[in-house]
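The values are calculated or read from the model by the stated rules, or taken from the named source; none is laboratory data. Owing to the predicted nature of the structure, the values given are computational and were not obtained by experimental measurement. Note: ideal-geometry Cβ built from the backbone for every residue, glycine included; neighbour counts use all protein chains shown.
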Amino acid sequence: MAKPLIDADALIAQFQSATAQQGEQLRKAVAAATLQALQGRELTLKNIRAALKGVTDAVNAGMMQNALPATDAEDLLDKAVAGMDDALLKAVEANRVALGQLVAQGADLREQHLAKALTELEKFEDALMGTVRKAAASAGEQVAAGWGPVLEKLQAGGTASGNQASATAEKLMQDMQSAIRSSRAASIKAAQAMAESYTAMVSGVLLGMAEGLQQGSGKGGSKKK
């Protein structure tokens with residue numbers, strides 16, 4: 001039997017009994033649950049979406065049993081999104097480190113599998129927004145009303161992980177171009193060194209040939225008729 005992505009029951013219980021003052025506590029709980037769902041699995045867009053869905057399903061289930069006023073409920077849902085965004089920031093950083101190491105070793109991010117990883121990195125924000133949108137659509141009327149303003153805020157301002165992912169992708173491409181230029185410069189220097197060595201070698205050979213010719217000429221000139 002496959003291990004569940006998260007401890008849904010624990011997360012449901014936290015949101016079910018949460019008060020308006022526990023927003024930051026829930027943010028940390030959601031971030032931890034999302035990271036737990038991502039750890040030990042390939043960091044693909046498919047797995048990220050599955051992790052986010054598992055978290056939002058638990059959040060919905062808990063909030064449906066919480067009798068908080070609409071404003072307080074909205075704040076807790078906002079903290080839940082912030083927690084998922086915090087976890088995705090960690091995922092962006094993991095990608096940055098891994099791809100950065102490959103670039104340092106001379107990898108070309110335009111290669112098919114690496115280009116796919118870079119493209120998926122820039123879709124983290126879309127994955128989060130899409131998951132929140134689906135959570136709002138599948139929630140009961142009361143919880144859906146709380147999701148609405150959260151989603152509007154998300155669409156208007158974007159996410160920290162989305163902004164960081166875009167910056168990371170841009171920086172990695174710049175680093176790769178720099179590495180290619182450095183490699184090309186090193187190749188040119190090596191070629192120049194070989195060319196200079198070759199011409200020096202040719203000069204030496206030519207000098208030896210000239211000396212041999214001179215010696216031969218000298219011996220021929222000393223012969224008696």
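With the structure loaded, tell me whether THR159 is among the polar types (S, T, N, Q), in contact (Cβ under 8 Å) with a residue 24 or more places away in the chain and in contact with a Ser or Thr (Cβ under 7 Å, 6 or more places away or on another chain) or whether it fails that test. Judged against the criteria, THR159 is not a match.
Within segment 52-68, is there a residue that is under 22 Å from MET129 (Cβ atoms), among the hydroxyl-bearing types (Ser, Thr, Tyr) and in a helix (DSSP H, G or I)? Checking segment 52-68: at least one residue is under 22 Å from MET129 (Cβ atoms), among the hydroxyl-bearing types (Ser, Thr, Tyr) and in a helix (DSSP H, G or I). If you go through segment 112-147 and keep only what is closer than 22 Å to ALA167 by Cβ and not in a helix (DSSP H, G or I), you end up with GLU122, LYS123. Taken over segment 153-171, the criterion of being farther than 18 Å from LEU43 by Cα and within 13 Å of the chain's Cα centre (by Cα) is satisfied by ASN163, ALA167, GLU170, LYS171. Of the residues making up segment 91-106, those that are in contact (Cβ under 8 Å) with a residue 40 or more places away in the chain and surrounded by 15 or more Cβ atoms within 10 Å (Cβ to Cβ) are ALA91, VAL92, ASN95, ARG96, LEU99, GLY100, VAL103. The set of residues in segment 148-169 being assigned to a loop (DSSP other than H, G, I, E, B) and over 16 Å from THR56 (Cβ atoms) consists of GLY158 alone. No other residue among LEU38, LEU109, LEU77, LEU99 is touching a helix residue (DSSP H, G or I) at 6+ places or on another chain (Cβ under 6 Å), closer than 25 Å to GLU152 by Cβ and among the hydrophobic types (A, V, I, L, M, F, W, C) apart from LEU77.
Given the criteria closer than 21 Å to VAL150 by Cβ and either assigned to a helix (DSSP H, G or I) or of a type in the set (Ser, Thr, Tyr) (or both), does LEU88 qualify? Yes: the conditions hold for LEU88. Taking segment 33-42 as the search range and keeping residues that are surrounded by 16 or more Cβ atoms within 10 Å (Cβ to Cβ) and not polar (S, T, N, Q), which one is farthest from the chain's Cα centre (by Cα)? That would be ALA33. Inspect segment 170-190 for any residue being in a helix (DSSP H, G or I), of a type in the set (A, V, I, L, M, F, W, C), within 30 Å of ALA67 (Cβ to Cβ) and at pLDDT 65 or above and give the result as yes or no. No, every residue in segment 170-190 fails to be in a helix (DSSP H, G or I), of a type in the set (A, V, I, L, M, F, W, C), within 30 Å of ALA67 (Cβ to Cβ) and at pLDDT 65 or above.
Each residue in segment 124-140 was checked for being surrounded by fewer than 16 Cβ atoms within 10 Å (Cβ to Cβ), under 12 Å from ASN60 (Cβ atoms) and free of Cβ contacts under 8 Å to residues at least 60 places away in the same chain, and 1 pass. Tell me whether segment 20-29 contains one or more residues that are surrounded by 20 or more Cβ atoms within 10 Å (Cβ to Cβ), out of contact with any Phe, Trp or Tyr (no Cβ under 7 Å at 6 or more places or on another chain) and within 28 Å of LEU118 (Cα to Cα). There is at least one residue in segment 20-29 that is surrounded by 20 or more Cβ atoms within 10 Å (Cβ to Cβ), out of contact with any Phe, Trp or Tyr (no Cβ under 7 Å at 6 or more places or on another chain) and within 28 Å of LEU118 (Cα to Cα).
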